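Read the figures in this text as sums done on the coordinates, not as results from a lab. Just so it is clear, the structure is predicted and the values come from calculations on it, not from any experiment. With ideal geometry, Cβ positions are generated from the backbone for all residues, glycine too; neighbour counts draw on all protein chains shown.
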2 protein chains.
Amino acid sequence: MENYAKVGKTELLAELHELNSRYESYKASTVRLDMTRGKPGADQLELSEKMLGIIQKNEDCFDENGFDCRNYGLLDGIPEAKKLFAEVLGVQPEQLILGGNSSLNMMYDTVARAFCFGNLQSERPWGQEPRIKFLCPAPGYDRHFAICEQFGIEMITVPMLEDGPDMDVVERLVSTDEAVKGIWCVPKYSNPTGTVYSDEVVRRFAALNPKAKDFRIFWDNAYLVHDLYDEQPQILNILEECAKTGRPDMVYMFSSTSKITYPGSGVAMLASSVDNIAHIKEKMFVQTIGPDKLNQLRHVRMFQNKESLMLQMKKHADILRPKFQTVLRILERDLGGRGIANWSNPLGGYFISVDVLPGCAKRICALCSDAGVALTAAGATFPYGRDPLDSNIRLAPSYPPIGELEEAMERFTVCVRIAAVEKLLKERKASA
Amino acid sequence: MENYAKVGKTELLAELHELNSRYESYKASTVRLDMTRGKPGADQLELSEKMLGIIQKNEDCFDENGFDCRNYGLLDGIPEAKKLFAEVLGVQPEQLILGGNSSLNMMYDTVARAFCFGNLQSERPWGQEPRIKFLCPAPGYDRHFAICEQFGIEMITVPMLEDGPDMDVVERLVSTDEAVKGIWCVPKYSNPTGTVYSDEVVRRFAALNPKAKDFRIFWDNAYLVHDLYDEQPQILNILEECAKTGRPDMVYMFSSTSKITYPGSGVAMLASSVDNIAHIKEKMFVQTIGPDKLNQLRHVRMFQNKESLMLQMKKHADILRPKFQTVLRILERDLGGRGIANWSNPLGGYFISVDVLPGCAKRICALCSDAGVALTAAGATFPYGRDPLDSNIRLAPSYPPIGELEEAMERFTVCVRIAAVEKLLKERKASA
């Protein structure tokens, strides 16, 4: 069937009838399919098996300086792990703090520190400001938005364009509103659109002239090395660019090995200017005596260097690529040419972003839920969970095996089509 | 030599002369001795070697429900670890959150959450109160006090008595001043005095009638199972007592395996009422997706049950006891009967607390530093680092091997005697 918009009412009704009968069979089935979160699949986790037993004996527990990693100390991580991950991030080891297993935790704590004590350039803690605003390029990552919501930070949606956030909007708001203290960015393979920020966008970020002197870019480099294909776009190093523009303190960069080794037992990273790092460590010194250093040591012992880490990323890609291609193939097969959905075709990351007809996303997620397919809640990719057009849906292809993914995607596309036909029929009725 | 106070000036001068000549030899030596922190020694760390390689294979990574511990999830910890540590703490698993490697981090975050959002009964976030006060039984733990200082929480020193904090003072302040929102307690083997709270003290805590409805007892059960001898005092379970008095939400209990397995790679615990736990998890849900579950699994696989954990604690005691006895023997040998120092003789924990003549603690720490012995800074055991009498010194016998401990203690007692003689000579001169 061609573009739904060009199809007559009778045919649309016939289409709906047929779709509904398929849908009823899905509802009757007991299969449960989950495409909600960007979780690595079991086969990806198996890639790091060597790491599990790589520290076995008492004598394995010492870092390159002979420091006992079992004991207290080393607030910002062990030196060899800092070297390795500094190379991966393209920063100096002294610009880096290695944490526990969660970069989300480091982001949250960074907001919490600013809230309680302020940043390096703050006149007062953010919690004592009458209001704090963050710019939120959207569609974006729901957990970034949840942090803002918990701290009562007002979120301003910024449109995502092909090459990053709409920088005209960003520049205007950042340079004129001193309540704007931050922006969330996933600069490479953005969650969920897969957008890769262009060099121009990164340079415009580095050239920002914020009205708030303690403005910060929260640069979540979650998918820095998470390419799916040989074509591997590179993004400019924002810390280098900010150093060039004389604003070295403007960025907090985050990353982790959650999707390199284990989501539950990885190593989280926070990189920034040397001054910011010193400021953060002064506060952190009271918060903890140090991260799990044995786990950092496991990572270094397994990877040794960046090359071997990149080799592991190729293995991840080999597992993920067919899953992404399965989702894209079924989207194209079932929805292509119908004029009822657009979707991203990312070169990396963990998500495919689907834009359905305005007003249909919530309906589709509800239909899918009854059909045994769990999706990220419609609206989740926007601040406050409110998608103004109710049209964006995030698909996470990584976790289910391919067979389940096919099944889930077939059900998904049937739901997309049902919602579209329903909408078109209603519109025609209204205009008749 | 007998009690210094009864000795004539000539003899004191002779004593000082002899002590100074010994002191000069210490100064000339290049040996560096460290008694600053309560760090387990290398032989203690070796007790947990089995844990290092206990998870080796992909198939080892699943919890008792088949949940993949490598992946995201389980915000409050894996069920079998919750069961094990709930039994150790004497609470129900649903009263427990298992964290990463640092109970200090959990305490800090608990204060930070109250500061940013308030407790269950708070009318507003602590950060929006005109002032917040914490009671600080002292001598106490410097890192507790550092948290208060960072958050601008006013600290009120409460005297430590034989069986716990002076409860008359605690009751009066808690029941009359609504700015008093918390108190720090190390109820068993207090840092540094080794005090074990009596049943009466625990019951009086549970019976507190705080003016501030969101008052909390921060109950740092760091040394719950850290006995040195067969004589193992038991403390009442504060959570049970508070449930009895109808104030189940009044306590946050903390503990960790830092001194059971590894300081850097242990499992931290926060126990409280079911309502408090739900309140905390609601906030934590935004902060992180979950702790390092593989490390929790390692702990359960090694210990299996409380009995085997207690067996490990006996092995720790066998290593620590001779160290404590070495320190006590040299204190008695060199300082006994001189009337210039009193010290604790703890049944467990990690510290020996020494009270020297008023006004001498700083001088002694400075003398020790020049003699190659690093001690916890004088004053550290009091809020703001200010010991009103300048007389308390915390000794940490756990880390150095016994030979070094003997050497360090010999130097320490010489410094104590020098400072005492100096003080007595000065006093006699002043009164002459």
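Miscellaneous remarks
- Here region B:293-432 yields Rg over Rh of 1.11, to two decimals, using C-alpha coordinates and the Kirkwood radius.
- Per DSSP, loop GluC sites (Glu not before Pro) in region B:17-120 with at most 16 further Cβ within 10 Å: B:E64
- Amide H contacts under 5 Å for B:G348, placed H, 5+ residues apart: B:L228
- GNM top mover of B:F218, B:F412, B:F67 - chain B, alpha-carbon springs below 10 Å: B:F67
- For region A:63-304, fraction of C-alpha pairs farther apart than 35 Å, in %: 10 percent
- Nm distances between copies for A:S175, ranked from closest, using label points 7 Å along Cα→Cβ: 6.4
- Taking A:S256, B:S431 and counting other C-beta atoms within 10 Å, the order from fewest to most: B:S431, A:S256
- Going from the fewest other Cβ atoms within 10 Å to the most, the residues A:H144, B:H226, A:H17 appear in the order A:H17, B:H226, A:H144.
- Length-normalised contact order of region A:56-154 in % [C-alpha pairs under 8 Å, at least 6 apart]: 15 percent
- Averaged over A:40-51, number of beta-carbon atoms from partner chains that fall within 10 Å: 3
- In the assembly of identical copies, B:V274 has its label point, taken 7 Å from Cα in the direction of the beta carbon, separated from the corresponding points by 5.5 nm (ascending, one decimal).
- Hz values of 3J(HN,Hα) by residue in region A:409-424 - Karplus curve (6.51, -1.76, 1.60), Gly and Pro given as x: 5, 4, 5, 4, 5, 4, 5, 4, 5, 4, 4, 5, 4, 3, 5, 5
- Average beta-carbon neighbours from other chains, 10 Å sphere, peptide A:291-298: 5
- Looking at the protein assembly as shown alone, DSSP beta bridges between its own residues are antiparallel in about 45 percent of cases.
- Within-15-Å neighbourhood charge of B:T30 [Cβ basis; K, R +1; D, E -1]: -2
- Within chain A: Cβ-based charge dipole about Cα centre, in debye rounded to nearest 20 (Lys, Arg +1; Asp, Glu -1): 780 debye
- Scanning residues 5 or more positions from B:V158 or on other chains, those with amide H under 5 Å from its amide H are B:C136, B:A138, with H placed 1.01 Å from N in the peptide plane.
- If you plug the beta carbon distance of B:E154 and B:E46 into 1/(1 + (r/R0)^6) with R0 = 41 Å, you get a FRET efficiency near 0.40.
- C-alpha long axis of helix B:167-176 to longest principal axis of chain B, angle in °: 50 degrees
- Trypsin sites (Lys or Arg not before Pro) lying in DSSP loop within region B:2-70, provided at most 16 other Cβ fall within 10 Å: B:R32, B:K57
- Distance violations [Cα-Cα > 24 Å] among A:K283/B:K211; A:K244/A:K314; A:K133/A:K213: A:K283/B:K211; A:K244/A:K314
- Angle between chain B longest axis and helix B:79-89 axis [Cα atoms, degrees, rounded to 10]: 40 degrees
- Shielding by partners - mean other protein chain Cβ count within 10 Å, residues of B:109-115: 3
- In nm, spacing of pseudo-spin labels at B:T10 and A:E282 (7 Å Cα→C-beta vector): 5.8 nm
- Ascending distances from the B:E64 label point to its copies in the other chains, with the point 7 Å along the Cα-to-beta-carbon line: 4.3 nm.
- Mean Cβ neighbour count within 10 Å, used as a protection proxy, ranking B:263-269, A:333-339 highest first: B:263-269, A:333-339
- Cα gyration tensor category, rounded, prolate or oblate, for region B:189-344 with a/c compared to 1.5: oblate
- Over the protein assembly as shown, the ratio between the Cα radius of gyration and 2.2 N^0.38 Å evaluates to 1.07.
- Relative contact order of chain A, defined on C-alpha pairs under 8 angstrom at six or more residues apart (%): 26 percent
- For region B:188-251, applying the loop criterion from DSSP together with a ceiling of 16 other beta carbons within 10 Å to the GluC sites (Glu not before Pro) yields B:E231.
- For chain A, fraction of C-alpha pairs farther apart than 32 Å, in %: 42 percent
- For the residues A:S29, A:S103, A:S369, a GNM of chain A with alpha-carbon springs under 10 Å puts the largest fluctuation on A:S29.
- Helix axis angle, B:306-335 relative to chain B longest principal axis, alpha carbon, degrees: 10 degrees
- With a cut-off of 10 Å between beta carbons, the residues surrounding A:C61 carry a summed charge of -3, where Lys and Arg count +1 and Asp and Glu -1.
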